[in-house]
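Engineer: Have a look at this one.
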Amino acid sequence: MRLVVIRGAGEMASGTAHRLHAVGYRIIMTELPRPLAVRRGVAFAQAVYDGSAEVEGIVAVHACTLAEALALCRQGKIAVLTKEIACKDLTALPPAALVDARLAKENLGTKIDEAKVVIGLGPGFIAGVDAHAVIETNRGHDLGRVLYTGAAQANTGNPGDIGGYREERVLKSSAPGIFSSSLAIGDLVAKGDRFGAIDGRPIPVPLSGVVRGLLMGGTSVEAGTKLGDIDPRGIREYCFTISEKARAIGGGVLEALLNLEGGVDR
């Protein structure tokens, strides 16, 4: 198998996995036992909660062991493994590439010698030091650009503009506690509606639109944890299809992987 291991199974990781799987790579994604993805309509991380998740026709299935994950790959499915793959197992596989797609804004421990090809998404990685290539994740002119030297742009902390809204459309916890909500991704909401609550304290909807992102109910959160986002365009289909940002980043990973594998015959 032409196997790629992807750390993370959130929105951008899933857009990358979808693109690589579509051209024949087999994918193992690693995730937390309780993922914090909010764009769950397009995140293979949802397989951890539901057993399986489908994004634009491609299915991912939860795996508890590496053996289970490899079996799923042989069946043509993406595996979402809720444990980190040890260095000795990476060496034994070995994957065609390791992609750190956790978008933590810092390097959580990925090293350039962990696989033949190591690719990092966004800030926190230096191409040629931590990874063989880094993919720009900041919206704008360079989104999806492959860097073989240097680092991606620093984290701005500013959400992308959608329908003229930035910070206003993103909901974050103001205090620690347990998050709950009766909403579902794809629901239409009006400004002032109840989005959810932290330990029973209500959180109002900041603007009218469609619920595009929503943290899984029952999740324990810290102050500042992203709880969801509202898309003011109100187009429900966008909640369940891969975004232009995720497609651009996935395309950058595919370009880097093909180049670092030696390119293709011309």
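Values in this text are rule-based calculations from the coordinates and carry no lab data. Every value quoted in this text rests on a predicted model; they were computed, and no experiment measured them. In this analysis, Cβ positions are derived from the backbone assuming ideal geometry, glycine residues included, and neighbour counts consider all displayed protein chains.
Engineer: Determine the gain in length on full extension of the stretch residue 255-residue 199; use 0.36 nm per residue of separation and subtract their C-alpha separation, reporting nm with one decimal.
Structural biologist: Here the segment from residue 255 to residue 199 would lengthen by 15.6 nm.
Engineer: Another question about this same structure. Taking 7 Å along the Cα-to-C-beta vector as the label spot, tell me the residue 64-residue 180 distance in nanometres, rounded to one decimal.
Structural biologist: 2.9 nm
Engineer: Moving on to the next point. If you take the C-alpha gyration tensor of the stretch 74-197, multiply each eigenvalue by 5 and take the square root, what semi-axes do you get, largest first, in whole Å?
Structural biologist: Taking √(5λ) for each eigenvalue gives 33, 21, 14 Å, largest first.
Engineer: Taking the stretch 167-232, how much of its Cα-Cα pair set, in percent, is spaced more than 17 angstrom apart?
Structural biologist: 28 percent
Engineer: Find how many whole Å separate the alpha carbon centroid of the stretch 106-159 from the alpha carbon centroid of the stretch 182-230.
Structural biologist: Result: 30 Å between the Cα centres.
Engineer: Moving on. For the stretch 167-232, what is the charge dipole size about the Cα centre, in debye to the nearest 20, if Lys and Arg each add +1 at the Cβ and Asp and Glu each add -1 at the Cβ?
Structural biologist: 60 debye
Engineer: Report the residue, chosen from 249, 112, 78, that carries the largest GNM mean-square fluctuation when the chain is represented by alpha-carbon nodes joined by springs under 10 Å.
Structural biologist: Of 249, 112, 78, the most mobile in the Gaussian network model is 112.
Engineer: Then there is this: Of the cross-linked pairs 111/172; 77/116; 77/226; 88/245; 83/226, which ones have a Cα-Cα span greater than 27 Å in the structure shown?
Structural biologist: In this structure, 111/172; 77/226; 88/245 exceed 27 Å between Cα atoms.
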